[in-house]
Amino acid sequence: MWDKNEIHAHLLAEYSETIESSLVLAIISDYDICDTVQLEAARQTLDALKADAPSEEATGFDASGAGRIDNLNNGFETQADDESAGDRCWKSQTDDTSVSQEMALPDLEETDVETNSTPSTQDESPERSYTSALDSLGDNEKEAALSGIFPILTSFDIRWTLKKHKGDTNLAIDELMTQSFLEENGSRHKGVDAFYEDGAPSKPRKGKKKKRREVEEGGLSNSDSIPSQQSKWATAKHDIDLISLNTGMPENQVASLYHKNGGSMPATILALIGAHRAMNIESEDDPVLQIYLHDLQQEFPALSRTNLEAIFHITDFSVGNSRALAKSLVASPNQSKSPIQLEFRHAPINLNDADVPSLPSPKTAGTHAGSIDLAASHMAARNNNFEKAAAYYRKGKSDHLMGGAAAYYALEGRNYNALAKASSSAAADALVAAQSSRTELDLHGVNVKDALRISRERVTNWWHELGEARIMGGIGGGYRIVTGIGRHSEGGRLKLGPAVGKMLIREGWKVEVGSGVLVVKAGLTSPKTKMKSICARRASGLRQIPLKGTGTVGGRPQRWSSSLSQKAGAAEVCFPGAVNSKFTNAMTFEYPSTYPAIPTYRCTSPEGNIIDPTVSLPSHGLALMMYENMLKVSIMDIVMFEAQRQGRLSFYMTSQGEEGTCVGSASALEDGDVIFSQYREAGVFMQRGFTFPEFMNQLFANKNDIGKGRNMPVHYGSKALNIHTISSPLATQIPHAAGAAYAIKMQDRQNPGSKPRVAVCYFGEGAASEGDFHAALNIAATRSCPVIFICRNNGYAISTPTLEQYRGDGIASRGTGYGIDTIRVDGNDIWAVREVTKRARELALKDGGRPVLIEAMSYRISHHSTSDDSFAYRARVEVEDWKRRDNPITRLRKYLENNGLWNDEKEAETRKQLRSAFLKAFSDAEKVKKPSLRSMFEDIYEDLTPEIRAQMKELKGILERYPEEYDITEFEGGKESLDG
């Protein structure tokens, strides 16, 4: 019977010739290969991949772009120059930096390389300028030495890694360091489950219970059931965060105390308790505190009452935080953590059998009727708790514990009283919202207090939403407030109108008074119109109230029309910086961990099935076109990446894994929408009509390039498609998009009959770390600009993972902080991206314009660019797992196949046609000459100035003087283009 290591080695030897070894390891790790049933299932999966490998290699397709290219130059014409192919095709020893791992780069010219020099071996590569002392040892000695360096790894891991790198100890040590780190963190050889975030649920594997039973019966050795070791750094980070969160202490102070106490959480908590005792703080005689202490002592009998009381003080008398620290104090340091932590929470003391009033259904809680019912329920609960508090207060004269119960129910009564008031206000808000519009406020059916609050808020919001319209005369008829004439008031006496009018005039608003109606005309009341206003107020029962403020008109103090004031006894904040906050006497900090993460919307499962029946799907013709555009991007990325490796262009960036985000969002936009992209939006260009020849002309910077060859590769742009040219500096396009959206808003206001447009801006999560991002979102929010910000969060900003970029909940959480409508979407689900973008465009055009932020979650399968080696900062098996687990192209293909729109024959034929069309565009563009030298001096001024002509003449003289130094034959017109 073979052991686990022997089975590993046998499977690798059997399948690694046709399947990438890292992919084989990833698949094996998903099964318990010691179980014959699961071993057979693993073999079936590997056999299926092995059978498909020849056909996939023949098509030349790899959805990630990580495969080699065969027969790239089919149909290319042989260039008629004397340059040998050997001068154009090169291969460096970059096993990890090239997308074509462990395979020589193909010769795009398909000519033989003839050279008299002897090929250098790996040991003679100029990239290896150092040697190791282990190189002189034999295989067994190397294995023994490496086993001593990496004791956490098995002998099979070390032996296989040495074999993989052909005995090169330097390369083996690099990979073994990565394996050791992953092994220490407990995330190695776990298949798909290894890439879940910390705390995410893992999918149970088959056969685990059977294996566990065998261990208990002695059927397996101890070496087969070694528990995974947790990272010391992760444990320390968890302990420090827990103490800091529950005590409110700064993390740096907790970390210092934690390491001072030997990295032990119980020791750190005991040190905090000792420090608290040294302060000699008198114990509290609060009966409620005594009740809580009694409950905690029952739950944690091993802790003394003095320690529990100190923990209460440290956690600022929070029962939940005290329980968390007490649990950590009594926990064993070697206790294994269960994936599900049970926390027992005791219900409040219930000394009466009276039923608690039931609350209304959540479906009606947000409506006017629901809010009224909710307020009535809260009032009933308030009265019920106050009655209990009074009863137990009387009993507390003979039993002090009853005093604690009285305090508890009094606190509950006050809480329900606050909830009742909030529900009454919510009912008034719902009623007014149902009977009002954007420029008219109907106050029928609300009391005076709510009418004053709602009027203040609505008038202020209306004024700020006007923006520049206040200056450009866009106020129109003003803001109309319907107060009624008092027919339904007590005694038929008008109350709402005078109260609201007085409040608005006192706060500086210009108000015109009518019969049952107030019209707000914002701005300072001029001396000429003041007398008319006074007469109108007297006729309606309003007294003249002097205006207060810091400005002056005619020597008398005045108030600006957009100012706010804080009234005595107000329950809400009216500071200009926070107008919708409420006062509280409980000091609490807002902790990010208390808020749930923003959900990620998807409407298509990885199997291609629609899981949101409300989504509006496109026609079959559009779906097929979008799929072909994704294939175009994938084919272009594969070929151009390898072409750069052969020196045929200087730079390239691929879009593997992000095709769904780009094509899906672009399909929901209108032709007139203005787009600002970054550098991974080839799918956006493709969906809007950018052709293969246009892509190739820009990449080769020939004379047919729209940008006249002045930009580096991948910096596309098209005025005809309303796409601004890509800029190299990171994030500069984001404020440009906000400014363009503001310009669109002003143009549409001057031309009301024009077709509505929005600005759309694409960027990565790394660009969101730039200051331009924050400035753009803030100005877009304050100016209500019709712009859609689309963030492609692919997990890495070049070599920096997101865990090192930010601590918050992604990029979406920043949008709500700036007051922007925000959503997070599965970027691999093309229909979810399309649906979200459609809705975002509707929101951006609503009420004159507003910004919207979309965070599309994806994974960057490719290297950052041709200048990057991503395997230096992430494991190869991680990339392989994402490629086969979730891919936007594969998911859309499954959807088409499920609907009978696609099959293998159409796939092969379409790829063949698209590849042929692309290779023709590649070949044609590569042969076109570069723009003329004269074009370097053009477009600076409308006409060439004498100084520029002198510079042209000087350049021509240099070219004529040193012809052997400058080869200008590939430029249109040669040096003669500099004449004139």
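The values are calculated or read from the model by the stated rules, or taken from the named source; none is laboratory data. It should be emphasised that the depicted structure is a prediction, and the values quoted were computed from it without experimental measurement. We place every Cβ from the backbone using ideal geometry, glycine too, and count neighbours over all the protein chains shown. Surface accessibility is based on the protein's heavy atoms, side chains included, excluding ligands, DNA and RNA. Shrake-Rupley method; radii C 1.70, N 1.55, O 1.52, S 1.80 Å.
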Return the whole-Å distance between the Cα centroid of region 939-980 and the Cα centroid of region 733-807.
41
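Determine Rg/Rh for region 713-801; Rg is computed over alpha-carbon atoms and Rh is the Kirkwood hydrodynamic estimate from the same atoms.
Numbers: Rg = 14.3 Å, Rh = 14.1 Å.
Taking Rg over the Kirkwood Rh, I get 1.01.
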Run the 1.4 Å probe and let me know the accessible area of residue 368, rounded to the nearest 10 Å².
70
Take region 933-978, drop everything but the C-alpha atoms, weight them equally and run the Debye formula without solvent; then report log10 I(q)/I(0) at 0.16 Å⁻¹ to two decimals.
-0.44
Within 10 Å, count the other beta carbons around each residue, average over each peptide in 661-669, 801-809, and list them highest first.
661-669, 801-809
Here region 4-16 yields Karplus 3J(HN,Hα) values (6.51, -1.76, 1.60; θ = phi - 60°; whole Hz; Gly and Pro given as x) of 5, 5, 5, 5, 4, 4, 5, 5, 4, 5, 6, 10, 6
Shape descriptors of region 648-788 over alpha-carbon atoms, Rg and Dmax in angstrom, are 15.5, 50
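Multiply the residue separation of residue 847 and residue 369 by 0.36 nm, subtract the distance between their alpha-carbon atoms, and state the gained length in nm to one decimal. Show your work: numbers first, answer last.
On the way: separation 478, 0.36 × 478 = 172.08 nm, distance 2.76 nm.
Contour length minus the Cα-Cα distance gives 169.3 nm.
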At each listed q (0.24, 0.31 Å⁻¹), what is the log10 of I(q)/I(0) that the Debye formula gives for region 4-53 modelled as equal alpha-carbon point scatterers?
-0.85, -1.37
What number does region 823-964 give for Rg over Rh if you use C-alpha atoms and the Kirkwood radius?
1.17
Averaging the inverse of every distinct alpha carbon separation and then flipping it gives the Kirkwood radius. What is it for region 649-700, in angstrom units?
11.9
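If you wrap a convex hull around the C-alpha atoms of region 620-927 and split its volume per residue, what is the figure in Å³?
Values: hull volume 41.4 nm³, N = 308.
Value for region 620-927: 134 Å³ per residue.
Hey, can you rank 374-387, 605-618, 145-158 by average C-beta count inside 10 Å, highest first?
On the way: 374-387: 18.6, 605-618: 12.5, 145-158: 15.2.
Listed from highest to lowest mean packing, they are 374-387, 145-158, 605-618.
Using a 1.4 Å probe on the protein heavy atoms, what percent of the accessible area of region 620-927 belongs to carbon and sulfur? Don't skip to the answer; put the middle values down first.
Details: 5420 of 10780 Å².
Here carbon and sulfur together make up 50 percent of the probe-accessible area.
Percentage of Cα-Cα pair distances in region 870-923 greater than 12 Å, rounded to whole percent? Present the calculation step by step, with values, prior to reporting the outcome.
Details: 1067 of 1431 pairs.
Here the tail beyond 12 Å accounts for 75 percent of pairs.
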Report the charge-dipole magnitude of region 632-723 in Debye, nearest 20, computed about the Cα centre from +1 at each Lys and Arg Cβ and -1 at each Asp and Glu Cβ.
460
Given Cα positions, please report Rg to Rh for region 630-676, the hydrodynamic radius being the Kirkwood one.
1.10
Using θ = phi - 60° and Karplus 6.51 cos²θ - 1.76 cosθ + 1.60, couplings along region 165-177 (whole Hz; Gly, Pro as x):
9, 6, x, 6, 5, 5, 5, 5, 5, 4, 6, 5, 5
Over 27 Å between alpha carbons, listed pairs 388/495; 632/703; 708/975; 719/755:
388/495
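Taking the mean number of other Cβ atoms within 10 Å as a proxy for protection, how do you rank 304-313, 241-250, 5-14 from highest to lowest?
On the way: 304-313: 19.4, 241-250: 17.1, 5-14: 15.2.
Sorting 304-313, 241-250, 5-14 by mean packing, highest first, produces 304-313, 241-250, 5-14.
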